[in-house]
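The values are calculated or read from the model by the stated rules, or taken from the named source; none is laboratory data. From a predicted model like this one, the values you see are computed outputs, not experimental measurements. Cβ atoms come from the backbone with ideal geometry, glycine included; neighbour counts cover every protein chain shown.
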Amino acid sequence: MKILSFLFVSATLLFASSQEALDAYKNHEYKKAFKLYKEAADLGKSNAQSAVSYLYINGIGVEKNTKEGIAYLQKAANNGNVQAALDLGLYYLSGEIVSKDMKKAAKWLDVAAKGGSSEAAYNLALMYYNGDGVKQDVKKAAALLDQAARAGHKGAKRNVGRIYMQALDFKNAKYWLRENEKDGDKEATLLLKEIEAAHKE
């Protein structure tokens, strides 16, 4: 399986900070917005740190500076911002803006997954499945996919039953394959028949 999902720093981060900074941003007063976000960021507010990161990375209201952008994103992630941890992990995973670093990707995706991010759990599961930056562990991959699937991640839901089969956890495999079958997945029906046949032998 390949890494399929990438959710990078988005403008939505801007909407979680101060109203005055947001108003300035909406009114295209980008320099003012940057100044206000940065003041809040330097006081330790994680949402503002994420916003400053976005502005630096995209060169909005300030000269583009990806190094500073990543530094502020890391501050936000260290400050408990789950979205920032996810974005940081995905940057390291893809090699976008920063040098590709699978160990750092795994570290930050793990932080975000533990914070409840289904996207982080999904991508970290694929890393464990492929052994990218972590020791290959199909059971760990299945558990992370299960977490993501239960949180509504469609990609995880499609794959988790199949990974449970590989992990020889047929009870959980059957549960998820039946869910896939309800969604019209014909291959899931065939896999369920394989499991039933194997248990009859």
**OP:** Could you name every one of the helices (runs of 4 or more DSSP H) located completely within region 73-189 that has at least 3 residues being among the basic types (Lys, Arg) and in the same structural domain as ALA51 (by TED's automatic domain parsing)?
**Re:** 102-114
**OP:** Of the conditions (1) touching a helix residue (DSSP H, G or I) at 6+ places or on another chain (Cβ under 6 Å); (2) in contact (Cβ under 8 Å) with a residue 40 or more places away in the chain, TYR91 clears all except one; give me its number.
**Re:** (1)
Original post:
Does ASP110 satisfy the condition of being at pLDDT 95 or above and surrounded by fewer than 17 Cβ atoms within 10 Å (Cβ to Cβ)?
Top reply: no
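Do we find a residue being over 29 Å from HIS153 (Cβ atoms), among the polar types (S, T, N, Q) and surrounded by fewer than 21 Cβ atoms within 10 Å (Cβ to Cβ) anywhere in region 56-72?
Of region 56-72, the ones over 29 Å from HIS153 (Cβ atoms) are 56, 59-65, 67-68, 71.
Those left that are additionally among the polar types (S, T, N, Q): 65.
In the following step, the residues that additionally are surrounded by fewer than 21 Cβ atoms within 10 Å (Cβ to Cβ) were identified as 65.
Looking for residues that are over 29 Å from HIS153 (Cβ atoms), among the polar types (S, T, N, Q) and surrounded by fewer than 21 Cβ atoms within 10 Å (Cβ to Cβ), one finds at least one in region 56-72, hence yes.
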**OP:** Under 7 Å between Cβ atoms, at least 6 apart or on separate chains: pull out the pairs that start in region 40-58 with a residue that is touching a residue at least 24 places away in the same chain (Cβ under 8 Å) and part of a helix (DSSP H, G or I) and end on any residue that is surrounded by fewer than 24 Cβ atoms within 10 Å (Cβ to Cβ) and β-branched (Val, Ile, Thr).
**Re:** LEU55/VAL62; ILE57/THR66; ILE57/ILE97
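Quick grid of which residues meet (1) under 30 Å from ASN78 (Cα atoms); (2) crowded, with 16+ Cβ neighbours inside 10 Å; (3) at pLDDT below 95; (4) out of contact with any Ser or Thr (no Cβ under 8 Å at 6 or more places or on another chain):
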residue: ALA105; (1), (2), (3), (4): yes, yes, no, yes
residue: LYS114; (1), (2), (3), (4): yes, no, no, yes
residue: ALA121; (1), (2), (3), (4): yes, yes, no, yes
residue: LEU168; (1), (2), (3), (4): no, no, yes, yes
residue: ALA197; (1), (2), (3), (4): no, no, yes, yes
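Of the residues LEU93, LEU126, LEU109, which single one is in contact with a Gly (Cβ under 6 Å, 6 or more places away or on another chain) and closer than 30 Å to SER46 by Cβ?
The unique qualifying residue is LEU109.
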